[in-house]
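Here, each number is a calculation from the coordinates, and none is a lab measurement. All values reported here derive from a predicted model rather than from experimental measurement. Note: ideal-geometry Cβ built from the backbone for every residue, glycine included; neighbour counts use all protein chains shown.
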Amino acid sequence: MKPRIYIPGDSGALALGAEKVAKAIAAELAERGIEAKIVRNGSRGAYFLEPMVEVETESGRVAYGPVKSSDVKSLIDSGLLTGGSHRLSLGDPEAIPFIARQTRLTFARCGIIDPLSLEAYEHHGGLAGLRKAVAMTPADVVAQVTESGLRGRGGAGFPTGIKWKTVLDTNADRKYIVCNADEGDSGTFADRMIMEGDPFVLIEGMTIAGIATGATKGFIYIRSEYPHAVAVMRKAVEIARKAGVLGIHVLGSPNTFDMEVRVGAGAYVCGEETALLDSLEGKRGMVRAKPPLPAHKGLFGKPTVINNVISLASVPIIMDKGAAHYKDFGMGRSRGTIPLQIAGNIRYGGLFETAFGLTLGEIIDDIGGGSATGRPVKAVQVGGPLGAYFPRDLFDTPFDYEAFAAKDGLIGHAGIVVFDDSADMLKMARFAMEFCAVESCGKCTPCRIGSTRGVETLDRLSAGIEPQKQVALITDLCNTMKFGSLCALGGFTPYPVMSALTHFPEDFKPAPVAEAAE
Amino acid sequence: MALQPASTEIAAQAASIIDGMKDLEGPLLPILHGIQEEFGFVPQEVLPVIASKLNLSRAEVYGVVSFYHDYRKHPTGRHVLKLCQAESCQSMGSDAVAARLKQALGIDFHQTTTDGAVTLEPVYCLGLCACSPAALLDGEVIGRIDAEKVDEIIAEVRS
């Protein structure tokens, strides 16, 4: 057998030079007349080690990283193909602390297999969940997902099984499964990673959702900022269709299911589920009033399951290993695992899948190793642009939906962005308002007008114009936006603004006016 | 310099793109993506063609085109550089990267250099948040942008 070399094709790894490394390795091997197979896998998520090159040896895989193209010659000289020792040696990748400490359920295969090899997918446990699902009644599939305690990983945390049951119980001539892959939150990349690194798990999860609810057509709505994920998903759907995983007879069963990949067009608000449905229908991405729920009247007015990528990608393992296996992980009402995305100014950044319940402090200091710049961590924003900024005082908060809500925060899609002490929280609060103003769909007044007035108020505050009055005004405005907005864009923009104001009041005091030199 | 096709040619080319996709469920966004891929922007001339083929009003089509940040009304430069300006990249100094690039290229966001070399656009998250600050240059991802990488980017877009 030819030796196998794994070089990630994940866009995070590409952004750090994986393509150059792959080309250099291929060229060097050709020059020396060495035969080896280069596999472009996804990323294991340890981005501080990317590009991480792995070699399959007789005693298992051996990793090297972070590799630059200039390291390639010396790597091959040191016996790369047999796992030889080199200054970039990382040993067994599964033993790297950042990877060894994780509980990988949803991301079990990500970074390990060739993302577009259905054979490798099956060899690593893929399709086992779908095979079980096709042999079950839809109600039993829904019951198992409900029993697992899986909650929507997009941010809202709504129980997935209950959503599915509503669609199953609604009669219609046509139903849809829509996958929300419009992962627009800064600090999040779990959806991108799984689509690039293990696309079949999402296809399998959506197909199970179709069987469970009687839907026969699925759409994956991917944001246009993810060109690599779009390309991989499109190829994977094609492969799944040819292999009979998708089509008139899913895996030879009487169930029919097929899907299409659709690409967004740069509107953040389309990550909101009803705006996404309008966008899929070919309209402006305007938020819809609820009711009717999408589960009753969704895409083209038909009952629709709309779930986040990670929710759907977690379903295959639940079907395969059983609800109890998944439910055993986690704390309180947050069951199973959550792929934390540790990002921003952080030393060991990346994706860390773990059971709910780690404290924010453990995540930032222990796993993340503190800031990248080496300066003290001042604030962390959890849950994307609409999430709260937490100071060090709240680092004992466990990562759990309810625990974060109790501290006026949210876990959202589990993105964690770290800021060092150079961050200006007034500037970050203003950015939150400005972002809301730019991205507002314009349907409801608190969001459309409130965000613009918010920017103006914070500008007056930083100019030192009647500061106390501005603080009172912004507090009142945030209250109106929180309770009066139609969706989470206007409704949650107050989280970053008010948390910045509450926890970092010193940044909201006007700078003392410099006295003119005499 | 390549000649711009005449508006009748644009309409004819657009018509074939539309015909290829109009039977999709919810075809408007895929059609607009197809048109932008073909022309580099969404020419005004195609709006009535789309409207008539999809049985929509021109106002509806214009409303959709103007809603989404991706659809451009004008051609871009030879390169398109999208710089991430979202929170994660801000935490790693994307403001300074943007300022340096703007100064070096002599343009602001949403502008194209006078020699037509590059169009600079802000983008809000590329999903490369563990490698901030990040950018997308003609579809190629770039992470951990520092002074050296800024110089490389400038050299590449100027070449």
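Descriptive notes on the structure:
- In terms of overall dimensions, the C-alpha atoms belonging to region A:425-508 reach 33, 21, 19 Å along their principal axes, ordered largest to smallest.
- Compactness relative to 2.2 N^0.38 Å, alpha carbon Rg of region A:118-327: 0.92
- Alpha-carbon Rg with Dmax, taken over region A:236-348, Å: 17.8, 51
- Here the convex hull built on the C-alpha positions of region A:330-420 has a volume of 74 cubic angstrom per residue.
- The residue B:115 and residue B:12 beta-carbon pair, evaluated with R₀ = 30 Å, returns a calculated FRET efficiency of approximately 0.45.
- Listed residue (B:41, B:89, B:127) projecting farthest to the positive dipole end of chain B, Cβ model: B:41
- Two-decimal Rg/Rh across chain B, once Rg and the Kirkwood Rh are taken from alpha-carbon atoms: 1.04
- Model label sites at residue A:281 and residue B:146, defined 7 Å from Cα along the beta-carbon direction, differ in position by 5.1 nm.
- For region A:4-100, DSSP calls about 75 percent of its internal beta bridges antiparallel.
- Net lengthening on full extension, residue A:117/residue A:58 (0.36 nm per residue, minus Cα-Cα): 19.1 nm
- Net dipole in debye of region B:63-141 [+1 Lys, Arg Cβ; -1 Asp, Glu Cβ; about Cα centre; nearest 20]: 140 debye
- Over all distinct Cα-Cα pairs of region B:8-67, the Kirkwood formula returns a hydrodynamic radius of 11.2 Å.
- The simple spin-label model puts a point 7 Å past each Cα toward its Cβ; for residue A:172 and residue A:366 those points are separated by 4.5 nm.
- Binning the C-alpha pair distances of region A:4-100 at 10 Å intervals from 0 yields a P(r) profile of 17, 57, 25, 1 %, listed from the shortest bin outward.
- Share of alpha-carbon pairs per 5 Å distance bin for region B:77-159, given as whole %: 3, 17, 31, 28, 16, 5, 1
- Alpha-carbon centroid distance for the pair region A:177-200 / region A:245-323, whole angstrom: 13 Å
- Radius of gyration over Kirkwood radius for region A:307-374, both on Cα atoms: the Rg/Rh ratio is 1.07.
- Gap separating the Cα centres of region A:409-443 and region A:10-50, nearest whole Å: 35 Å
- The phi torsions of region A:461-475, fed into the Karplus equation with coefficients 6.51, -1.76 and 1.60 and a -60° offset, translate into couplings of 4, 6, 7, x, 8, 6, x, 4, 5, 5, 5, 5, 5, 5, 5 Hz, rounded to whole numbers, with Gly and Pro shown as x.
- Backbone phi angles across region B:107-121, fed through the Karplus curve with coefficients 6.51, -1.76 and 1.60 (θ = phi - 60°), yield HN-Hα couplings of 9, 9, 4, 6, 10, 10, 4, 4, 7, x, 6, 8, 10, 9, 9 Hz in residue order; Gly and Pro are listed as x.
- Count Lys and Arg as plus one, Asp and Glu as minus one, and take only other residues whose Cβ is under 13 Å from that of residue A:415; the net charge is then -2.
- Percentage, to the nearest whole number, of Cα pairs in chain A over 42 Å apart: 21 percent
- Beta bridges by DSSP in chain A, antiparallel share as percent, to the nearest 5: 55 percent
- Adding -39500 (n - 2.57) for every DSSP H run of four residues or longer, then dividing by how many residues chain A holds, sets the calculated 222 nm ellipticity at -11500 deg cm²/dmol.
- If R0 equals 41 Å, the separation of the Cβ atoms of residue A:422 and residue A:448 corresponds to a calculated FRET efficiency of about 0.80.
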